[in-house]
Amino acid sequence: MIFLAVTLGFFADSLREYYSDRKKESEYMQFMVKEMRADSVRLHNIILDTASATNLQKLSVLILSEDYSQEKMREMYFISLSAASFNGVIFNRNTLGQLKNTGAMRLIHYREVVDSLNKLDNLISAAEIQMSEMFKQSHNYVSELGSFFDHSYYYSNGEPLHSYEEVVLRQ
């Protein structure tokens, strides 16, 4: 009788742990989906923000055109203000970090999901390295632009002028 009670106790504890693990797995996956949606929105907004790349192209064309008239120089100055802006995305890795650091990856039943999460972690790491390099290049670019252009020209009373038309009207 005691053997049966102990065996049933172990069985009940194992069943309770099984349901608890399934609940944790579900919660982790819900958090992962929320984080991925937020990352997706941020990434989409950055992709839409192509003004920086477009301005770099415009600035390059203007410089290479060798037309250094006063009007073209003003346009180059103004474009150079926004050409160096770089918006990177910071991926949310909270849940992924918890899964990896606490050993909770074992809770996920589907091997394909575990493999996908590990691949995601590797891709995020690679993207962070690339963004770090792009920030460095952007900083170098801004430093170089600063040696060519006096950006204080585009400030009025300490406030930046927001359009080329404002600059023209200021004169």
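I'd like the residue in the range 106-147 that is among the aliphatic types (A, V, I, L, M), open to solvent by 90 Å² or more (accessible area, probe 1.4 Å) and out of contact with any Phe, Trp or Tyr (no Cβ under 8 Å at 6 or more places or on another chain) and, out of all such residues, is farthest from GLY88 (Cα to Cα). Write out each step before concluding.
To start, the set of residues in the range 106-147 that are among the aliphatic types (A, V, I, L, M) comprises 107-108, 113-114, 117, 120, 123-124, 126-127, 129, 131, 134, 142, 145.
If we keep only those that are open to solvent by 90 Å² or more (accessible area, probe 1.4 Å) too, we end up with 123, 129, 134.
With the extra rule that they be out of contact with any Phe, Trp or Tyr (no Cβ under 8 Å at 6 or more places or on another chain), the set shrinks to 123, 129.
Numbers: LEU123: 15, ILE129: 11 Å.
Filtering the range 106-147 for residues that are among the aliphatic types (A, V, I, L, M), open to solvent by 90 Å² or more (accessible area, probe 1.4 Å) and out of contact with any Phe, Trp or Tyr (no Cβ under 8 Å at 6 or more places or on another chain), the one farthest from GLY88 (Cα to Cα) comes out as LEU123.
Would you mind stating whether LEU96 is in contact with an Asp or Glu (Cβ under 8 Å, 6 or more places away or on another chain), under 25 Å from ILE47 (Cα atoms) and either assigned to a helix (DSSP H, G or I) or at pLDDT 70 or above (or both)?
yes
Name the residue, out of GLY9, GLY97, GLY103, that is open to solvent by less than 50 Å² (accessible area, probe 1.4 Å), without any contact (Cβ under 8 Å) to a residue 60 or more places away in the chain and within 30 Å of SER138 (Cα to Cα).
GLY97
Does ARG16 meet the test of being among the charged types (D, E, K, R), open to solvent by 70 Å² or more (accessible area, probe 1.4 Å) and in contact (Cβ under 8 Å) with a residue 24 or more places away in the chain?
no
Which residue pairs have Cβ atoms closer than 6 Å, lie 6 or more positions apart in sequence or on different chains, and pair a first residue in the range 23-46 that is in contact (Cβ under 8 Å) with a residue 60 or more places away in the chain with a second residue that is not in a helix (DSSP H, G or I)?
GLU25/ILE108; GLU35/ASN92
The values are calculated or read from the model by the stated rules, or taken from the named source; none is laboratory data. Remember, predicted model here, so these are calculated numbers, not experimental data. FYI the Cβ positions are ideal-geometry reconstructions off the backbone, even for glycines, and counts take in every protein chain you see. Ligands, DNA and RNA are excluded from the accessible area calculation, which covers all protein heavy atoms including side chains. Shrake-Rupley method; radii C 1.70, N 1.55, O 1.52, S 1.80 Å.
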